[in-house]
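One structure is given below, encoded as structure tokens.
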Amino acid sequence: MKDLPLVLTLGEPAGVGLEISLKACRELKGTIPFFVIGDFEQIKHFSLKFGVQITEIKDPSETLNHKNNFCVLDHKFPEKISPGRISFKNSPSVISAIRRAVNLIHQEKASGLITCPINKWVLKRGADFQFPGHTEFLAKLDNKSGNVVMMLADNNSFRVIPTTIHIPLKHVPKMLTKELLSSTLKTLVKGLKIDCGIFKPKILVTGLNPHAGENSTLGKEEQATIVPVIDELKRNGYSITGPVSADTAFTSQNRSLYDAFVCMYHDQALIPIKTLNFYESVNVTLGLSFIRTSPDHGTALDIATKNIANPGSLISAIVEADKIKKNRLKNENKA
């Protein structure tokens with residue numbers, strides 16, 4: 001892959017996406033070239049508040065000539081953006097900005113994507129958005145028929161992966177199949193090798209039920225689904241431990257021993273990492289043809305442009321995308 005600038009989408013325009021992006025630009029001081037896709041005139045209005053010099057670019061390559069500035073590829077929004085106030089009319093532009101970013105990556109004009117949070121409810125109401133979240137939409141745009149994996153990572157190398165993602169808890173047992181778990185583990189290991197440079201990763205897998213089913217007395221999913229997958233992959237050389245009860249999986253000792261923790265559902269994975277390191281944890285999508293990271297928080301409509309939003313998670317997402325870019329340049333032919 002080529003050494004190109006990263007592209008950043010601002011997500012929900014009424015949320016904190018723009019504020020934390022401006023702050024990230026200010027903090028990074030041109031060390032990692034990136035540009036944003038957004039409404040230049042509206043961004044210019046808000047940028048004055050944060051003391052950041054912005055530059056309108058016509059082509060992503062111009063970013064490299066203005067590394068210290070907030071570079072904007074103009075993308076018009078039909079309705080004036082009011083911080084904290086959603087607009088259904090702007091929803092199609094939010095979606096088309098993401099599409100445009102992915103197209104630029106496919107055209108080799110950007111090296112990876114960082115996405116600020118979207119409001120899925122607004123997009124469903126305003127543009128009939130048919131996806132549970134960013135991850136599934138990006139997989140569709142990338143024409144990925146296989147499984148893509150959502151990995152949350154912090155700056156202490158703690159990584160968690162939910163096998164099932166944005167589905168109601170009552171649907172998890174049905175959705176948790178051998179095929180899905182196996183695909184998740186294989187995609188994870190490949191991603192750790194190429195994106196993180198970890199060529200012999202050690203993985204811990206949690207159970208679904210309390211006490212990991214306690215020999216099927218508290219649930220049968222462990223013995224019926226999880227154990228057979230682990231056994232098969234171990235026979236093929238994977239270093240995997242489990243299923244382990246989720247209430248003891250994330251101890252400090254385990255976090256020092258294992259490179260990643262594969263969990264059975266969304267909150268089982270996200271609660272521990274957000275509790276330990278909320279402001280520096282990053283969402284990384286594995287299994288796409290391109291790099292994608294995002295901050296691990298929501299749109300925060302209530303504090304948009306009040307100059308109190310913490311940009312830490314977005315800065316970490318930009319740094320992580322740059323790190324993955326460099327790792328892929330080194331490791332693509334090694335995994």
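The values are calculated or read from the model by the stated rules, or taken from the named source; none is laboratory data. The shown structure was predicted, so the numbers you read here are calculated from the model rather than taken from an experiment. With ideal geometry, Cβ positions are generated from the backbone for all residues, glycine too; neighbour counts draw on all protein chains shown. The protein model used for the area step is the full one, side chains on, heavy atoms only, and it has no ligands, DNA or RNA in it. Shrake-Rupley method; radii C 1.70, N 1.55, O 1.52, S 1.80 Å.
For n ≥ 4 DSSP H runs only, could you compute -39500 (n - 2.57) per run for the chain, divide by its residues and tell me the 222 nm figure to the nearest 500?
So the calculated ellipticity at 222 nm is -11000 deg cm²/dmol.
Keeping every protein chain present and rolling a 1.4 Å probe, give me the accessible area per residue for the chain in Å².
45 Å²
Once label points are set 7 Å from the Cα along Cα→Cβ at both Leu329 and Ser239, what is their separation, rounded to one decimal in nm?
2.8 nm
Filter the cross-link list Lys49/Lys144; Lys186/Lys323; Lys124/Lys274; Lys23/Lys109 down to pairs whose alpha-carbon distance in this structure exceeds 32 Å.
Lys49/Lys144
How high is the relative contact order of the chain? Use alpha-carbon pairs under 8 Å, at least six apart in sequence, and give a whole percent.
Once divided by the residue count of the chain, the mean separation gives 24 percent.
Please give the charge dipole size of the chain, origin at the Cα centre, charges +1 on K and R Cβ atoms and -1 on D and E Cβ atoms. Round to the nearest 20 debye.
420 debye
Mean Kyte-Doolittle of at least -0.5 and a Cα length of 24 Å or more along the axis: which whole DSSP H helices of the chain meet both?
178-196, 312-331
Of the listed peptides 103-109, 200-206, what is their order by residue-averaged count of other C-beta atoms within 10 Å, with the highest listed first?
Put in order of decreasing packing, that is 200-206, 103-109.
Provide the solvent-accessible area of Met175, counting protein heavy atoms only and rolling a 1.4 Å probe, rounded to the nearest 10 Å².
Its accessible surface works out to 100 Å², give or take rounding.
Specify whether the C-alpha gyration tensor of the chain places it in the rounded, prolate or oblate class, a ≥ b ≥ c being the square roots of the eigenvalues: rounded for a/c under 1.5, otherwise prolate if a/b is larger than b/c and oblate if not.
Since a/c reaches 1.5 and a/b is larger than b/c, the shape of the chain is classed as prolate.
Taking 0.36 nm per residue of sequence separation and subtracting the Cα-Cα distance, how much length would be gained by fully extending the chain between Asn307 and Gln53, in nm to one decimal?
89.8 nm
If you roll a 1.4 angstrom probe over the protein chains with everything in place, what fraction of the accessible area of the range 1-75 belongs to carbon and sulfur, to the nearest %?
Carbon-and-sulfur percentage of accessible area, whole number: 49.
Roughly speaking, to the nearest percent, how much of the range 186-335's 1.4 Å accessible area is carbon and sulfur?
The C+S portion of the solvent-accessible surface of the range 186-335 is 49 percent.
Please calculate the 1.4 Å probe accessible area of Asp59, with all protein chains present, and give it to the nearest 10 Å².
Result for Asp59: roughly 50 Å² accessible.
Would you calculate the separation in nanometres between label points at Asp231 and Lys76, each defined as 7 Å from the Cα along the Cα-to-beta-carbon direction?
6.3 nm
Quick one: length gained pulling Leu257 to Glu62 fully straight, 0.36 nm per residue minus the C-alpha distance?
Computed gain between Leu257 and Glu62 is 65.8 nm.
If the chain between Lys174 and Asn156 were fully stretched, how many nm would it gain, using 0.36 nm times the residue separation less the Cα-Cα distance?
Using 0.36 nm per residue and subtracting the Cα-Cα distance, I get 3.1 nm.
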